[in-house]
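What follows is a single structure, written as structure tokens, with notes after it.
The values are calculated or read from the model by the stated rules, or taken from the named source; none is laboratory data. Small disclaimer: the values here were computed from a predicted structure and weren't measured. Virtual Cβ from ideal backbone geometry, glycine too; neighbours counted across all protein chains shown. Just the protein is used for accessible areas: all its heavy atoms, side chains included, with ligands, DNA and RNA removed. Shrake-Rupley method; radii C 1.70, N 1.55, O 1.52, S 1.80 Å.
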Amino acid sequence: MTPLRILLCPSAPFLLPPRALFAFRRAVAATVVPKKANYTTFRQKQAKEIPKRGGPPRKRAHKSLQHELTVSKIADQKAQNGIVYFRDLLSTEDVSRVIEAYPEIIRNPFLARSDTRKLCQLLHEAYRQKSNVPTVVETLKAFSESIIQDYQKGSLPPHPVASVHLLSFLRESKQYDRASELWSWLAGQNQDYVSPHLYGVAIEIQTQQVVPLEKLEELYKDALRRFPGQFLGYHFSPTAIVQDRSQFTIIKGLSSTLLQGIFTARILSGDWINGYLAFDTALRLFPTQVQPRFFEVLLYERPMAEAYHAFMVACRAGIVLSPKATIHLLGKLLDGHLSAPNAAINVLNVMIAYAGTRKNAPLPFYFVGIFIKAMTQLAHSVKNEDAGFERATRQRLGQATCKIVLTLLRAGVEPNASIFNSLLKMAMLSGQPELHWEILGAMKVHEVKPNVLTYSALLNIMLATGDFDEFKSAWTAYVASVEGAGEQLPLKEWINLARAAADRFPGSGPSFVEEQLLALKHTLTEFKEELIRTKLHEDARTSEPQSQMNETESFQDSGSVETFMDRLLEKESRLKETMSSAEPHDFYNMPMPLDPFMDDDTGVGTAKDQTSLQLLAEHVENLRKLYDELTTDPYLPAPEREESAPVPQSRTGYPLEELRFQNWKSVTGLMLQAAQSEKAEEIIARAGSSSTETATITTNKTNEKHSGPLPWPRLRQRILELRGYSTAAASLDHEYS
């Protein structure tokens, strides 16, 4: 091989400087790299063309595996992005977008148990918010069927809370048969699917399907046996003891839904004794957190006095009840079992208690409408031989009603045309048609447009005032309103117009009616037109029968009127204050009456015709001793309490220890009330062929009244019997004095 020096300088290689030789070598080394890369490429190509013995070349296998891993990584990343997007949709609570994304997400391998729970919860809540929109309901039903099928196939990870939401959705949407099918499948699954809460929902569903109570009690016992680690059997026993009655109950796993399910089953099956014992257990364990459903069942299913009592118990604890259940109670107060003055006062009591559980929340406008209806019934019930007294009393009632309603509107009640229409009718009934100017002014202030009923009421008012020009204006506005609504004038209003023209405006009235008949001839048949003209020229007419309103006792003299007006204005002031308060009502220092039959808020009645709750009010100290005897264990040490520690209390101001006692006393009173109601029903049943009027009178006199004071030993024995203690225990001679 020829040396490098000779190649570079053949004539004198020895004269070549070492530095030049070194630089040349570096340049050559740099030019070799492409050649080496080409060599490597050649070897790789050769390896592909001539595979080695024993399988594909290593280089090729490594590249294939790397490609597969890359594809898998991309798929995982895509799936993760998809589940993140889906969870964002669940958090936005946009059910329509969730339904669109569901077919794709159900194949996602990253779905978790929590995703199933949130999905089913969203379905349930969406139904509650849109249950009055048929198209949305049908969409949700179809979506629920997809979820249920995927849940049963295992495509959706199991979660016990998800099972509760699914079953609850089927119950509330009244798909009882489908709910029974789903429950039959769930009952055979493990605890990844099933919980005590689920048993409670299942019991309530089967209650709606009129399953016998005995079978529902067995299902309840099965739940207690299936989840023994939570000691539900003891804690849900009517005789169980809370170790520290002054503290909140913190026991993991207690299912108020299970307790509520069997409570509902018992109440709807007529077993009010055990139903109230379950209610007592719930109030003992969760004095401030009982599910509203407990109270709403009583509001719908029990008599008026018990429903009113249960409502006040809920509000006293700060438990918020729905407007729908509350309006059902308000309707019961006007059913005729109360005197008209008491009905009006108790409507305000309910409104105060309802507003007292909310912060700065306005009352629904239909609450105010029911109050006006109560005052209207009261005005109708004023009967007295002295016509002047009767007229003056009705006028005061009309003025008070108008004042209170307009005050509530200024305090934040949502204005509505129906409120003002009812006020106009009340002004007419109370003999003060001039109040319509104030009412119409308020409508303008609150920007409420008159409707057909408004103009109809104004017609009657203008008829009473005798102002023919105003009467014509009211009629013209009424016709325009009816035609604007795309309707026809009712025949009744035409007849009223004809009679008013003949009676009140005999000079110009008939010609005005003829003008209207001609102008609106296209809206009338020949028969109607002939009938209207007959009424217009008819001389002798029989008076219209008076509507039968609440005919119970009202006011006997001016003293009773003054007492009622004082109470009415006091309730108005309290309601206005409660509505404007930023805090819940202080039920501890300002309690609400629990008995709608009471004449005042003290709770103590006279010895004659006492109610069950008035009897209890006279034995408070004895009741407290009995309560301590039944709800404490003398062998357990007293709970230790730090003197500086704050006393736990409800958000309505009640210390928990006192609230638990009041709840126990209320359940006792409810059981006594129920016993009296049952006795009244037996009397009516034995009467058999007695008229409805006689039956109502019998109920009023027997339902809530005792003929005289009941001694404490007898009352104590009755309480123990109702609460399920043995006869021997009930007959023990305890002296409380």
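Annotations for the structure displayed:
- Note on ALA477 and GLU515: the extension gain reaches 12.1 nm, defined as 0.36 nm multiplied by sequence separation minus the Cα-Cα distance.
- By accessible area, using a 1.4 Å probe on protein heavy atoms only, region 249-398 has 51% of its surface on carbon and sulfur.
- Within the shell of other residues whose beta carbon sits under 13 angstrom from the beta carbon of PHE389, the net charge comes to -1, with Lys and Arg scored +1 and Asp and Glu -1.
- Were the residues from THR407 through ARG226 laid out at 0.36 nm apart, the gain over their Cα-Cα distance would be 59.5 nm.
- For GLN649, the residues whose modelled amide H falls within less than 5 Å of its own, excluding neighbours fewer than 5 places apart on the same chain, are LEU656.
- Mean Cβ neighbour count within 10 Å, used as a protection proxy, ranking 177-188, 199-210 highest first: 199-210, 177-188
- Each peptide in 479-486, 421-428, 566-573 was scored by the mean count of other Cβ atoms within 10 Å over its residues; highest first, the order is 421-428, 566-573, 479-486.
- FRET efficiency for ASP557 and GLU434, using Cβ-Cβ distance with R0 set to 25 Å, rounded to 0.05: 0.35
- Of LYS118/LYS332; LYS403/LYS665; LYS359/LYS665, pairs whose Cα-Cα distance is over 30 Å: LYS118/LYS332; LYS403/LYS665
- A simple spin-label model places pseudo-atoms 7 Å from Cα toward Cβ; at LYS141 and LYS679 they are separated by 4.8 nm.
- Projected label points at GLN395 and HIS522, each 7 Å from Cα along the beta carbon direction, are separated by 4.7 nanometres.
- Sequence ranges 250-261, 292-303, ranked by mean other-Cβ count within 10 angstrom, highest first: 292-303, 250-261
- Residues LYS153 and ASN81, FRET efficiency given R0 of 35 Å [Cβ-Cβ distance, rounded to 0.05]: 0.90
- Under 14 Å, Cβ to Cβ, from SER246 - net charge with Lys/Arg +1 and Asp/Glu -1: -3
- FRET E, pair ALA582, SER96, Förster distance 60 Å, beta-carbon r, rounded to 0.05: 0.95
- Potential lengthening between ALA187 and SER114 on full extension [0.36 nm per residue; Cα-Cα distance subtracted]: 24.2 nm
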